[in-house]
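Here the structure is laid out as C-alpha cells; the discussion comes afterwards.
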Ligand code: LLP
C-alpha cells in the first residue's frame with residue numbers, strides 16, 4: 001500500500017511518521033496514541049490557500065475545527081493563515097485559549113444557546129452563521145443587549161443532497177440545518193432581516209455534505225446560491241458580500257478511494273461561481289470554504305498495542321487492541337472502514353486475516369473486519385491510518401476509558417499536543433452526596 005504524507009518504512013522495518021519511529025512513539029507516549037503528521041497538516045492547509053489564491057483570490061479557507069479541535073491545532077491553522085469554523089462554546093473557548101485571531105472565526109450551529117451567542121459576540125468572533133429565523137432573531141436580541149452589531153450569514157439548504165459517491169438534486173429540505181431555498185423558507189427568513197437592526201447581513205452559507213468525491217455538487221451549490229442571491233437583491237435589496245460553501249471534500253480511507261485534489265475541487269467551484277456571477281448582475285462575493293476532514297483526516301494515524309488474539313477455528317481471528325469505539329466511534333456509527341498495518345512488522349509479508357476488536361464492552365466494537373497482516377502476537381503495534389478527522393473529536397469515555405494522547409510529529413521530533421486522560425480526570429466531576437458517604441443507607445443505621 002502507498003503511504004500518506006511523511007509516513008514510510010524505516011531501516012528497522014518499522015512505520016515512521018514525521019521522522020519518528022512509531023514503535024518508539026508507542027513506547028514513549030503509551031497507546032492508544034493519535035499521531036499527527038505536522039508536515040502533512042501544513043501541506044493541506046497550504047494546498048487550500050494556494051488553490052484559492054490561484055482560482056479565486058477574494059477568499060478565505062477556514063478549518064472546520066469539529067474534525068479535530070485542540071489548542072495546538074488552532075495555533076497551526078493560524079500560522080498557516082487559515083480561519084476557523086467553530087460550532088460550540090467549547091470550540092470558541094479552544095480558539096480563545098489558543099490566541100486565535102477571533103475575527104477569522106465563523107460560528108455555526110443549529111441550536112446555539114444564548115450563552116454561546118453572547119460568548120461569540122463578546123469575544124469578537126468574526127461571523128455568526130445563523131441557521132434559522134429563530135437563530136437570526138436570537139442573535140439580534142443578544143447583540144442588542146450587548147450593544148453590539150453581529151455580522152451574520154444565513155445557512156440555507158440548496159436542495160442538493162451530496163453523498164459519498166452520488167448526489168441527488170431534489171430533497172435535502174428534510175434537514176435539521178438551514179432554511180430551504182426550494183420551498184421558499186430561506187426567502188421568508190430573509191425578507192425581514194433588515195429590520196433586525198443589530199445584525200449586519202453579509203451573505204449565505206451552505207454545506208452539502210461530507211466525504212464527497214465529486215466536484216460537481218460544489219459547483220452546483222455555488223450556482224444555486226448565486227441565483228438565490230440575485231433574487232434577494234432584486235426583491236429585498238440585500239447584498240451578497242460573502243458566500244460560504246462549507247466543507248466536505250473527501251479523503252482516502254481505503255486503497256481504492258480516489259478523491260479529487262484540493263486544487264481541482266477549488267478550480268471547478270471557482271469557475272462555476274465566476275460563471276454564474278457573470279450571468280447575474282451581482283458583484284463577485286468573497287468566497288469562504290470550510291474544509292475539515294481533508295486537512296486532518298489522512299494526516300492522523302492511531303497506534304494501538306495488540307493484546308488478546310482469539311482464534312475461533314474455521315470462523316475468525318479476533319485481534320484485540322487497547323482502544324476501540326471510545327477513541328474511534330466511526331466504524332460502529334457509520335460502518336466506516338479503515339486500513340492498518342503492524343507498525344513493528346511493516347516490512348513483513350501479510351500472512352493472516354484478522355478482525356480488529358476494540359476493548360469496549362460491546363460486540364459491535366470492531367475497528368476493522370478482515371484485515372490482512374503479518375503473523376501477529378501480543379505486544380505488536382497496530383497503526384490505523386486516516387484517523388485524524390472525527391476520531392479524537394468524537395471520542396468518548398465509554399466504560400470509563402481515558403481518552404488517548406495526541407502528538408505532533410515533525411522532523412524526528414514528537415510533541416505532546418493533547419495529554420492522555422488520567423483516572424483522576426475521569427472522576428473529576430463526580431460528586432458524592434452526603435447521604436451516600438456512609439457505608440449503609442441512613443434509614444438502616446442503628
Ligand atoms: N462546515 C460545516 C457547516 C459542516 O457541518 C462540516 C461538517 C464542515 C464544514 C466540515 O466538513 P468536512 O470538510 O470535514 O467534510 N462525523 C462525521 C462527519 C460529520 C461532518 C459534519 N459537518 C464523520 O465522522 O464522518
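Each part gets one Cα centre, and for region 372-427 versus region 186-202 those centres are 45 Å apart.
Contour minus end-to-end for residue 334 and residue 397, with contour as 0.36 nm per residue of separation and end-to-end as the Cα-Cα distance? Mind showing how you got there, number by number?
Details: separation 63, 0.36 × 63 = 22.68 nm, distance 1.90 nm.
Length difference between fully extended and current span is 20.8 nm.
One-quarter of the Cα convex hull surface for the chain, in nm²?
Result: 26.7 nm².
Over the chain, dividing the summed -39,500 (n - 2.57) contributions of all DSSP H runs of at least 4 residues by the number of residues returns a 222 nm mean residue ellipticity of -8500 deg cm²/dmol. When peptides 227-237, 341-351 are ranked by their average number of other Cβ atoms within 10 Å per residue, the highest-first order is 341-351, 227-237.
How far, in nm, would the chain grow between residue 54 and residue 286 when pulled straight, counting 0.36 nm per residue and subtracting the alpha carbon separation?
Working: separation 232, 0.36 × 232 = 83.52 nm, distance 1.43 nm.
Length difference between fully extended and current span is 82.1 nm.
Between 315, 224, 303, the GNM of the chain built on Cα springs shorter than 10 angstrom shows 315 fluctuating the most.
Can you give the relative contact order of region 239-311 as a percent, counting alpha carbon pairs under 8 Å and 6+ residues apart?
Values: 58 pairs, mean separation 36.1, N = 73.
Computed over region 239-311, the figure is 49 percent.
Kindly work out what percent of the DSSP beta bridges joining two residues of region 232-385 are antiparallel, to the nearest 5. Intermediate values should be presented prior to the final figure.
Values: 18 of 24 bridges.
In region 232-385, approximately 75 percent of DSSP beta bridges are antiparallel ones.
An oblate overall shape is assigned to region 307-424, the ratio a/c of its alpha-carbon gyration tensor axes (a ≥ b ≥ c) being 1.5 or greater and a/b not exceeding b/c.
Report relative contact order for the chain in percent, whole number only (criteria: Cα-Cα under 8 Å, sequence separation at least 6). Show your work: numbers first, answer last.
Values: 991 pairs, mean separation 84.2, N = 446.
It comes to 19 percent, rounded to a whole number.
Within the chain, antiparallel bridges make up roughly 45 percent of the DSSP beta bridges whose residues both belong there. Taking the inverse of the mean 1/r over every pair of distinct Cα atoms in region 216-347 gives a Kirkwood hydrodynamic radius of 18.7 Å. The angle between the Cα long axis of helix 133-146 and the longest principal axis of the Cα atoms of the chain comes to about 80 degrees, rounded to the nearest 10.
Bear in mind these aren't lab numbers, they're just calculated from the coordinates by the rules spelled out. If you're wondering where the values come from, they're calculated on a predicted model, not measured in any experiment. Note that we place each Cβ from the backbone using ideal geometry, even for glycine, and neighbour counts take in every protein chain shown.
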